[in-house]
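A.B. asks: I have a structure I would like to understand better, so I am pasting it below and will then ask my questions one at a time.
The values are calculated or read from the model by the stated rules, or taken from the named source; none is laboratory data. Source: prediction; values computed, not measured. Quick reminder, even Gly has a Cβ in these numbers, built from the backbone with ideal geometry, and neighbours come from all protein chains shown. Ligands, DNA and RNA are excluded from the accessible area calculation, which covers all protein heavy atoms including side chains. Shrake-Rupley method; radii C 1.70, N 1.55, O 1.52, S 1.80 Å.
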Amino acid sequence: MYKRLLIAGFLIILALSLSAKPRIVILATGGTIAGSASGAAQASYQPGVLSIQQIIASVPDIEQLAELKGIQVCNISSQNMEERIWLELFKTIDNLFTHDLCDGVVITHGTDTMEETAYFLNLTVRHTKPIVITGAMRPATSLSADGPFNLFNAVALASSPEAQNRGVMVVMNDYILSADDVTKTNTVNPNAFSCPNYGPLGIMRDGLPIFFRESPFRHTASSEFNITNIVSLPKTEIIYSYAFASDVAINAIVDSGADGIVVAGVGHGNYNRAISKGLEKAYARGIMVVRSSRIASGGVDQAAEEYDTRWPVSYNKNPQKARILLMLALTKTKDSKEIQRIFKEY
Ligand code: ASP
């Protein structure tokens, strides 16, 4: 009798745990997915208007995927993203996962700097549970708004056991894109994101992920960056390279007290003499320099034209991602060889 009861109890617990929906927390930050326009076909609109509760309510069947909890972190356009919000997102997610308060996190975000927030969290949240970022190119009030399906796919992905330990992922237009490579490649089209070096991680189909590949880089649980006690990040800037660029911008950056500079070079990370002189000055003052490229794919390595090999190259990281990796590298070291090692691994 006792044995039978024990087996029955075990089976009930098993059934409950099998039928229990994953617990997903949605951290909302604003953007076009929360945007509103006065007409359904209007191109101009105001981002960051709708609350996360309103957004969730607009997605049919989403509650069937997971037990959802929405938290409004802020409601901004992502061009106004702040360091303070990045640190808050990091702390919130770290806390949720450390105390097993949820099984996965979805972040709704403006698309303009989505790749930057994704890469920052990819380097700092040292957990294996899924973190998925999504947004929209069309406001919520638009004809065929893309936000609801993107959010549905993001929650479905964050709920999937297959999404564990894959690094932070962006889900847009059915694609699953890795934080280390994803970038915005179209200013207006709903198919605005791609991974120009490695291709998408996978696609969402019928609410399930189909993965094609894994990230070849260190991320999340295998990251060496511990920012738990950090209240402000090193200051890193980007200098853009172009035909007959002057030294005005580079000098201003060097004099601003920056800790690091990423140069968005032309071609294979090249820059002219004016910028070169400014970078020399920066390096002599102890400001770390990283050579990257304004070109979308191919990356930058040391086998270059006549450039200074004292400072590291960004490999496949575009300038905006290189700036974030440099920022985090500088929390650990000022040694250029060590920073080059970091750029190779992340
Ligand atoms: N400017 C908006 C933002 O990044 C664009 C968008 O969300 O699509 O917040």
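A.B. asks: For the stretch 172-182, in order, what is each residue's ³J(HN,Hα) by Karplus, 6.51 cos²θ - 1.76 cosθ + 1.60 with θ = phi - 60°, in whole Hz (x at glycine and Pro)?
C.D. replies: 9, 6, 6, 7, 9, 10, 7, 4, 6, 10, 4
A.B. asks: List the residues, sorted by chain then number, that are 5 or more residues from residue 176 or on another chain and whose placed amide H is less than 5 Å from its amide H.
C.D. replies: Here 201, 202, 203, 204 satisfy the definition.
A.B. asks: Next question, about the same structure. How high is the FRET efficiency between residue 174 and residue 306 when r is their beta carbon distance and R₀ equals 51 Å, given to the nearest 0.05? If you can, show how the numbers build up before the last one.
C.D. replies: Values: r = 44 Å, r/R0 = 0.87.
So the FRET efficiency works out to roughly 0.70.
A.B. asks: Quick one: angle between helix 2-19 and the longest Cα principal axis of the chain, in degrees between 0 and 90, rounded to 10, please.
C.D. replies: The two axes meet at around 50 degrees.
A.B. asks: Is there a pair in 69/332; 277/344; 21/317 whose C-alpha atoms are over 31 Å apart, and which pairs would that be? Please list the in-between numbers first.
C.D. replies: Details: 69/332 35 Å; 277/344 26 Å; 21/317 37 Å.
Cα-Cα > 31 Å for 69/332; 21/317; rest within.
A.B. asks: Please give the peptides 206-217, 235-246 ranked by average Cβ packing (other Cβ atoms within 10 Å per residue), highest first, as a rough proxy for protection.
C.D. replies: Details: 206-217: 14.7, 235-246: 16.3.
Sorting 206-217, 235-246 by mean packing, highest first, produces 235-246, 206-217.
A.B. asks: Need one number: nm distance between label points at residue 280 and residue 331, each 7 Å from Cα along Cα→Cβ, rounded to one decimal.
C.D. replies: 3.5 nm
A.B. asks: Let me ask you something else. How large are Rg and Dmax for the chain when only the alpha carbon atoms are used, in Å?
C.D. replies: 21.9, 88
A.B. asks: What is the stretch 144-187 by shape, rounded, prolate or oblate, if you read a ≥ b ≥ c off the alpha carbon gyration tensor as root eigenvalues and call it rounded for a/c under 1.5, prolate for a/b larger than b/c, and oblate otherwise? Display every interim value, and only then the final one.
C.D. replies: Values: a/c = 3.50, a/b = 1.17, b/c = 2.99.
The shape class here is oblate.
A.B. asks: Quickly rank 155-166, 219-230, 124-135, 251-262 as a protection proxy: mean count of other C-beta atoms within 10 Å, highest first.
C.D. replies: Numbers: 155-166: 20.8, 219-230: 15.7, 124-135: 24.4, 251-262: 18.2.
My ranking of the peptides, most packed first, is 124-135, 155-166, 251-262, 219-230.
A.B. asks: If you don't mind, another one. Please give the per residue volume of the convex hull enclosing the alpha carbon atoms of the stretch 174-283, rounded to a whole number of Å³. Each step should come with its number before you reach the end.
C.D. replies: Working: hull volume 19.9 nm³, N = 110.
Cα convex hull per residue, to the nearest whole number: 181 Å³.
A.B. asks: Which peptide among 45-55, 191-201, 27-37 comes first, and what is the full order, when sorted by highest mean count of other Cβ atoms within 10 Å? Could you put the intermediate results ahead of the total?
C.D. replies: Numbers: 45-55: 18.1, 191-201: 19.6, 27-37: 25.5.
Order by mean packing, descending: 27-37, 191-201, 45-55.
A.B. asks: Give me the distance in nm between label points sitting 7 Å out from Cα along the Cα-to-Cβ direction at residue 143 and residue 82, one decimal.
C.D. replies: 3.9 nm
A.B. asks: Something else: Given labels modelled 7 Å from the Cα in the Cβ direction, how far is it in nm from residue 69 to residue 21?
C.D. replies: Result for the modelled spin labels: 1.5 nm.
A.B. asks: While we're looking at this one, here's another question. Let me know the Rg and Dmax you get for the stretch 184-230 when you use only its Cα atoms, in Å.
C.D. replies: Answer for the stretch 184-230, Rg first and Dmax second: 15.1, 41 Å.
A.B. asks: Then there is this: Quickly estimate the mean residue ellipticity at 222 nm for the chain, helices only: each DSSP H run with n ≥ 4 gives -39500 (n - 2.57), and the total goes over all residues, rounded to 500. It would help to have the intermediate numbers written out before the result.
C.D. replies: Working: 10 runs with 109 residues, N = 346.
Helix contribution divided over all residues of the chain: -9500 deg cm²/dmol.
A.B. asks: How large a share of the accessible area of the chain, in percent, is made up of carbon and sulfur atoms when the probe is 1.4 Å and the other protein chains stay in place? Can you show the working numbers first?
C.D. replies: Details: 8520 of 15720 Å².
Heavy-atom surface of the chain belonging to carbon and sulfur, 1.4 Å probe: 54 percent.
A.B. asks: Now a separate question. What is the set of long-range amide H partners of residue 313 at a cut-off below 5 Å, with H atoms built 1.01 Å from backbone N?
C.D. replies: Answer set, sorted by chain and number: 291.
A.B. asks: Suppose we keep just the DSSP beta bridges with both residues in the chain; what percent of those would be antiparallel, to 5?
C.D. replies: Here the antiparallel bridges make up roughly 35 percent for the chain.
A.B. asks: For a test of the definition: using alpha carbon positions, the gyration tensor, and the 1.5 limit on a/c, classify the stretch 109-228 as rounded, prolate or oblate.
C.D. replies: On the way: a/c = 1.73, a/b = 1.48, b/c = 1.17.
Because a/c hits 1.5 or more and a/b exceeds b/c, the stretch 109-228 counts as prolate.
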